[in-house]
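See below for the structure under consideration.
The values are calculated or read from the model by the stated rules, or taken from the named source; none is laboratory data. What you see is a predicted model; the values in this text were computed from it and never measured. Using ideal geometry, Cβ is built from the backbone for each residue, glycine included, and neighbour counts are taken over all protein chains shown.
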Amino acid sequence: MTELDRKDLLGLEGMSAEEIELFLDTTASFKEISERTVKKVPALRGKTIVNLFFEPSTRTRASFELAEKRLSADAVNISKSTSSVVKGESLRDTAENLQAMKIDVIVIRHAASGAPHFLASLLDASVVNAGDGAHEHPTQGLLDIFTLRENLGDLSGRKIVIVGDIAHSRVARSNIFGLVTLGADVTVCGPPTMMPVGIEKLGVTIERNLLRAVEDADAVNLMRIQLERQKVSLFPTLAEYASVYGMNRETLRHMKPECLVMHPGPMNRGVEISQEVADSDRAVILEQVTNGVAVRMATLYLICGGAQREKVLTDEEEVEAPPANREAV
């Protein structure tokens, strides 16, 4: 597959393995650009992208902005506090007014699950979901999967364990949808109060005991406790959660030496992950951050129809696209 047949990226649910592989292969091509001295190509010159963030963000928002700049797109950043939403304007009116300014893409993060889908149904402009409530976070899912593929190769049959607040984690859902589609063996582990009812229907295995869950795992991805989305306390104390489900030196002893430790951030050190594990050689957390820029470059490029182009330009010379995905760049 060399071309994306959709105008939006709303989630990994329902996406085919071929589509996911297209995103991953295109990411590999764009990662090389970020390693150049001049980290910029004119692939999206003339495109206008609006980053519409109604929730706090560091990594996602910064990496989207960097991706847009490195693709030479024009970027406009709007947060909730600086938008007319604070004056009572609806999300629909905000988005339609932006589209009237002839923009090409809206990247949206919103507390309401389904907000990006709602906008995509109304707008001709492309919509990229940067996280909607507790539903999905597709670009985070893609960058996690890309990081796994870089380190492990083919993910079919690999055991990936997702630990923590599964019920409130949009990252966990996107990871599950993508990994299961690619044939990985996914296990979820966490307190029963943080486990969605019926999650096994998504093709995952549930394990309550962390030490049993990580046995023979190829990678463990730790989810942050989403206190801001919990209406009531779902566990006695943070210390008790850390003692039962936190990744620490004792947990490492039950894991294969080559097992990867991942975290989408922001990390609560001393809760879901100890200081020594976060800074250990097992952790590929900063690799995830690096890959986030490349994934978002690939996403914007594909969403804007970039797969139809055959070459990218540096400011020095015209160079052929990397052979890993020649049609994609």
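Points worth noting:
- When residues of the range 171-210 are limited to those that are charged (D, E, K, R) and not in a helix (DSSP H, G or I), the one modelled with the lowest pLDDT: ARG208
Yes or no, residue by residue, for (1) touching an Asp or Glu at 6+ places or on another chain (Cβ under 7 Å); (2) part of a loop (DSSP other than H, G, I, E, B); (3) at pLDDT below 85:
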residue	(1), (2), (3)
ARG212	no, no, no
ALA217	no, yes, no
VAL220	no, no, no
ILE225	yes, yes, no
LYS231	no, yes, yes
PHE235	no, yes, yes
ALA242	no, no, no
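- Filtered residue count, the range 270-304, keeping only those that are free of Cβ contacts under 8 Å to residues at least 60 places away in the same chain and under 30 Å from PRO42 (Cα atoms): 2
- Taking the numbered list (1) at pLDDT 95 or above; (2) out of contact with any helix residue (DSSP H, G or I) (no Cβ under 8 Å at 6 or more places or on another chain) in turn, THR82 passes all entries but (1).
- Scan of the range 40-49 for residues that are aliphatic (A, V, I, L, M) and surrounded by fewer than 22 Cβ atoms within 10 Å (Cβ to Cβ), ordered by number: none
- Count of the range 25-46 residues which are closer than 22 Å to MET1 by Cα, part of a loop (DSSP other than H, G, I, E, B) and of a type in the set (S, T, N, Q): 0
Yes or no, residue by residue, for (1) more than 26 Å from GLU55 (Cβ to Cβ); (2) touching a residue at least 40 places away in the same chain (Cβ under 8 Å); (3) assigned by TED's automatic domain parsing to the domain that holds LEU22:
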{"residue": "THR193", "(1), (2), (3)": "no, yes, no"}
{"residue": "VAL197", "(1), (2), (3)": "no, no, no"}
{"residue": "THR205", "(1), (2), (3)": "yes, no, no"}
{"residue": "GLU215", "(1), (2), (3)": "yes, yes, no"}
{"residue": "MET223", "(1), (2), (3)": "no, yes, no"}
{"residue": "THR251", "(1), (2), (3)": "yes, yes, no"}
{"residue": "PRO264", "(1), (2), (3)": "no, yes, no"}
{"residue": "ASN268", "(1), (2), (3)": "no, yes, no"}
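- Of all residues in the range 8-39, those satisfying the criterion of being over 15 Å from LEU182 (Cβ atoms), surrounded by 16 or more Cβ atoms within 10 Å (Cβ to Cβ) and of a type in the set (D, E, K, R) are ASP8, LYS31.
- Meets criteria (among the small types (Gly, Ala, Ser), buried (at least 17 other Cβ atoms within 10 Å of the Cβ) and in contact (Cβ under 8 Å) with a residue 12 or more places away in the chain) for SER113: no
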